[in-house]
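Novice: There's a structure below that I have some questions on.
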Amino acid sequence: MNRLCEAIGAVYELARLGIITRFRFKGEYWQWRLHTAFGRGYPPRAEMIRSFVEYFRWVHRLRRWS
């Protein structure tokens, strides 16, 4: 149940950040995020999605505890 709540919170945080950045996924913030997370080369798509979900789960936990 806890992982489900975290997953729902992660989707919320992703949507929130998407709204803040106006869904410009090729914009400066998202390019910076990709470069700081993965460096020059990008991992396979599945691994990249898993890492983003894990990041937004962490953001949800961080915001919930603050």
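Just so it is clear, none of the values below were taken in a lab; they were calculated from the coordinates. Because the structure is a prediction, the values reported are computed rather than measured.
Novice: Step through the residues of segment 13-20 one at a time and calculate ³J(HN,Hα) from phi using the Karplus curve (6.51 cos²θ - 1.76 cosθ + 1.60, θ = phi - 60°), rounding each to whole Hz and writing x for Gly and Pro.
Specialist: 5, 5, 5, 4, 5, x, 5, 4
Novice: If each residue of separation counts as 0.36 nm, what is the full-extension length gain between residue 8 and residue 45 once their alpha-carbon separation is subtracted? Mind showing how you got there, number by number?
Specialist: Values: separation 37, 0.36 × 37 = 13.32 nm, distance 2.12 nm.
Taking residue 8 through residue 45 to full extension adds about 11.2 nm, to one decimal.
Novice: Let me ask another. Under 37 °C and 0.692 mPa s, how fast does segment 2-65 diffuse according to Stokes-Einstein, given a Kirkwood radius computed over C-alpha pairs? Answer in µm²/s, whole number.
Specialist: Working: Rh = 12.5 Å.
Taking Rh from Cα pairs, D becomes 264 µm²/s.
Novice: Using Cα atoms only, what is the angle between the long axis of helix 45-65 and the major principal axis of the chain, expressed in degrees (0 to 90) to the nearest 10?
Specialist: Helix 45-65 sits at roughly 50 degrees to that axis.
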